Structure formats: structure tokens, C-alpha cells
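As C-alpha cells, the structure follows; a few thoughts come after it.
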Amino acid sequence: MNSKIMETNTVQGLDQEVLRYAVDLRSDTLTRPTPEMRQAMANAEVGDDVYGEDPTVNKLEKRAAEIFGKEAALFVPTGCMGNLISIKIWTHHGDEVICDVLGHVNLYELASMSAIAGCMPRPVQGVDGILNWKLIEAAIRPKIYYDSQTALVCLENSHNMAGGMLYTSAQIAKICEHAHTVKLKVHLDGARVFNASVALGESVAEICRKVDSVMFCLSKGLGAPVGSMIVGSQEFIDKGRVYRKMFGGGMRQAGVLAAAGLLALEKSPARLHIDHEHAQLLAKAAASIPGLRIDPSKVRTNILIFDCSQTGKTAVQFCDALAAHGVLAQDTALYSVRFVTHCDVDRAGIDRAITVLREVVAKTVSVGA
Ligand code: TLP
């Protein structure tokens, strides 16, 4: 991302007054806890989670493991930390990690797999971000002592920078079966795996059945204020607990956060289809506006990325123009603009975003004419 707020390498953030009235579609990370979550946070039973004594964290971890059909789960502060812990567990220094070129682990995690886990990403160009065994197999290093070795495949479902593209559970299972026969582990960055689950009509347990580990976020579309989880075998989670502490993520009375996380986990998936319908409305509107390019049939979840190159504006300029009318979007490449729908933007907000989108492009065209 080439966000304007990052130009000075410090996050200044937008004015609170602007944020109060804006239709904020920059990300689903922006969701705020519901009144019910705040109530649960206030009432949460807590203890020291580094001692394993926070009852609410323990409950959340148990429920996540049950829902994903795995042995155990671990509450971690962020998705980035969850991915890093998983990569660290499955690799040694000098190993390679196969991932899509637009994968979050490759682009947006500050090269932590190299800086901290000591691995090289081996980015592969997926088909709309989606990898298959043929593509992965071609990137596996030969077993020769002077080559670095492939240790892990990292998939992303839904795929953020590919506009929320999906792997079906069958596609993931096939990749895992092949990977396991050549002794590679598979980690799923499932930051938005519940969106994938709703869009595919498949349970998260089914989607994750064959992967060795999965990270999912409570703090995105599910609406919790903070937190992600890693899920896998008991042995994986036991190691994860060690690395979480090593990376500075051992939280103490984290039950106040886990209480919101529990509600997010149990209740929020049931409303994600609304966000997907909203994304579809935005995508269809964008596709109907001359100057914007997007294929709405590829928008299956809560993310849409459209091309604005034919408006004569860069994505940063386009986002600035939208922001001037109270609609916030995120530039993701020179001419790519991302909208992410979520629980804090209702149908009226989506309608307003569509109106503003039309107005901004119309003005651009008339200025250019
Ligand atoms: N994604 C953020 C930005 O970092 C791009 C966003 O606004 O979409 N995996 C995936 C697929 C993600 O999209 C993200 C965050 C993460 C991992 C990291 O999660 P956090 O922010 O909790 O570390």
C-alpha cells in the first residue's frame, strides 16, 4: 500500500471529525466493538494468561479449537504475530517459504519471516492470487546441500490483495496432500477465513481440515477490537506459546480482550453475508462507471479492488478525491483502489459511497474534457 498517511513513515491518522462522518471502507480492521462486546469485556473473568490462568482466554482457545476441528488454539495479539509464530515453528534459518507474490506474508509483514524467522519468501505468481500444486511444485528447491530448502507453503484465504479471492476446501486439500508427500507443511493465513467460509458455504473446519496450521483474525470482519488466533495440533500450539512469549506477545489479564473475541467468534460469522452483499453492490456500481474497471463476478467476499487508471488519476489521487466527499478507500497499487465492507458500514453508507464514486468520476471526466 502506498497510503498518504504513510508518506512520512509515521502514522498521523485522519482527523477525528472526518472519521466521525466518513463512510470508512479502508479496511475491516477499523471495526469497533459492539455495546455487547464492551459489556462482556467489562464483566470478563480474568487471570494471568502467561500462567495459563485466564479463564476467558482458555475458553476462547478451547472454542476456537473446537470450531476448527483441531487439537488446540492460541490467542495472539495480531495476525502478523500469528503468521510469524507459525512460520517460525515450521522452518529453520535459511529455509524458503512458498507463497503468492501478493500474499500478506510477502508484502505487509515487514519481511518478518526473514528478519526474525530467518527464512526467504519464495513468491509465486498465482492465478488471481490462487496457487495450485503445479505452480507450487515448480518452486520447490531440489534436495541438494548447497541449495536453500523449501520448508513451508503459505496460502491465504480469502486472499486480501487479490480482491478477496477464494480457495475451496478441495483446492486446499489437494495442495496439502501433495505438499505432505514431499514433507512440506502448509500454513493458512486465514485472517478472513470466516468470510471464505460464508462465501463458499463450507465450514472453517472443512476448509482447514488438511492444513498444518491456521491463523485467523478476530479483529477484522468479526469485529473484535484486538486479537487473532493460531490453531493446530497440541504440539504446534505448545511451541507457539513459547514463541509468542519470545516475540513479546505474552499477555497477562487478556480475558478482557478474549471476552470480545468469544462474541466475535460465536456471533459475527452469521452476519458476514451482509458485508458480501454490500461488496457486490459496490462492485456492480463501479463496473457500470466508465473509467473504472472491475469484474464483479470475481467479488465473492467483502473486498473489492478496482482499477482507476482510465480516470487519469492515480489511486492516491482518487482516494483523496473520495475522501474530500467523506468516503474513505485505500490505494493498494499505483492505479488500484480497495474497498472493504464491514459491520460498521450499513446499506445507507454503501449507497452514499456509490453516489460519491459516480460524482468523483464524473467530475474527473469533465475536468479532463
Ligand atoms: N491486513 C490489513 C493490512 O495489513 C493490509 C488490511 O487492512 O487488510 N493476514 C492478512 C490476509 C491480512 O489482511 C492482515 C491485515 C494480516 C494478516 C495481519 O493482521 P494484523 O493487522 O492483525 O497483524
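Each value in this text was obtained by applying a stated rule to the coordinates, not by laboratory testing. Because the structure is a prediction, the values reported are computed rather than measured. Neighbour counts are summed over all protein chains in view; Cβ atoms, including those assigned to glycine, are modelled from backbone coordinates with ideal geometry.
Details
- Residue ranges 248-258, 77-87 sort as 77-87, 248-258 when ordered by packing (mean number of other C-beta atoms within 10 Å per residue, highest first).
- When the charge dipole of the stretch 35-268 is built from unit charges on Cβ atoms (+1 for Lys and Arg, -1 for Asp and Glu) and taken about the Cα centre, the candidate among A115, F236, Y146 whose Cα reaches farthest toward its positive end is Y146.
- Arranged from fewest to most other beta-carbon atoms within 10 Å of their beta carbon, V127, V204, V50 become V127, V50, V204.
- For the peptides 220-233, 166-179, residues were scored by their other Cβ atoms within 10 Å and the scores averaged per peptide; the highest-first order is 220-233, 166-179.
- 3J(HN,Hα) couplings calculated from phi for the stretch 62-77 with the Karplus curve 6.51 cos²θ - 1.76 cosθ + 1.60 (θ = phi - 60°) are, in sequence order, 5, 5, 4, 4, 4, 4, 8, x, 10, 6, 7, 9, 9, 7, 10, x Hz; Gly and Pro show x.
- Using a 4.7 Å Cβ-Cβ cutoff, the cysteines of the chain lacking any partner cysteine are C80, C119, C176, C208, C217, C308, C319, C343.
- Kirkwood-based shape ratio for the stretch 71-189, expressed as Rg/Rh from alpha carbons: 0.94
- For the stretch 35-268, the share of DSSP beta bridges that are antiparallel, to the nearest 5, is 40%.
- Taking Lys and Arg as +1 and Asp and Glu as -1, the other residues whose beta-carbon sits under 14 Å from that of N106 total -4.
- A simple spin-label model places pseudo-atoms 7 Å from Cα toward Cβ; at E17 and E266 they are separated by 4.2 nm.
- Each Lys and Arg Cβ is given +1 and each Asp and Glu Cβ -1; about its Cα centre, the chain then shows a dipole of about 380 debye.
- Length added when fully stretched, L30-N43, from 0.36 nm per residue minus Cα-Cα: 2.3 nm
- Other residues with beta-carbon under 10 Å from the beta-carbon of H159 carry, at +1 per Lys or Arg and -1 per Asp or Glu, a net charge of -3.
- Length-normalised contact order for the chain - Cα pairs under 8 Å, 6+ apart - percent: 24 percent
- Distance cut-off 18 Å, percentage of C-alpha pairs in the stretch 283-369 lying past it: 36 percent
- Using only alpha-carbon positions in the stretch 62-123, the gyration tensor eigenvalues give semi-axes of 23, 12, 11 Å once each is multiplied by 5 and square-rooted (largest first).
- Alpha-carbon centroids, the stretch 203-263 and the stretch 306-328: separation in whole Å: 35 Å
- The equivalent ellipsoid of the stretch 215-369 has semi-axes of 38, 17, 14 Å, largest first, where each one is the square root of 5 times an eigenvalue of the Cα gyration tensor.
- Within-11-Å neighbourhood charge of V50 [Cβ basis; K, R +1; D, E -1]: 0
- Of every Cα-Cα pair in the stretch 276-329, the percent that sits beyond 16 Å: 43 percent
- Rounded to whole Hz, the Karplus (6.51, -1.76, 1.60) HN-Hα couplings of the stretch 347-356, x for glycine and proline: 4, 4, x, 5, 4, 5, 4, 5, 4, 5
- When only alpha carbons of the chain are considered, Rg and Dmax amount to 20.7, 67 Å.
- Ranked M161, M120, M246, criterion: other C-beta atoms within 10 Å, fewest first: M246, M120, M161
- Ranked Y108, Y243, Y51, criterion: other C-beta atoms within 10 Å, fewest first: Y51, Y108, Y243
- Counted over the stretch 181-261, the DSSP beta bridges are approximately 60% antiparallel.
- Pairwise alpha-carbon distances in the stretch 6-107 exceed 20 Å for 65% of all pairs.
- GNM result for the chain, Cα springs below 10 Å: residue of D238, D147, D24 fluctuating most strongly: D147
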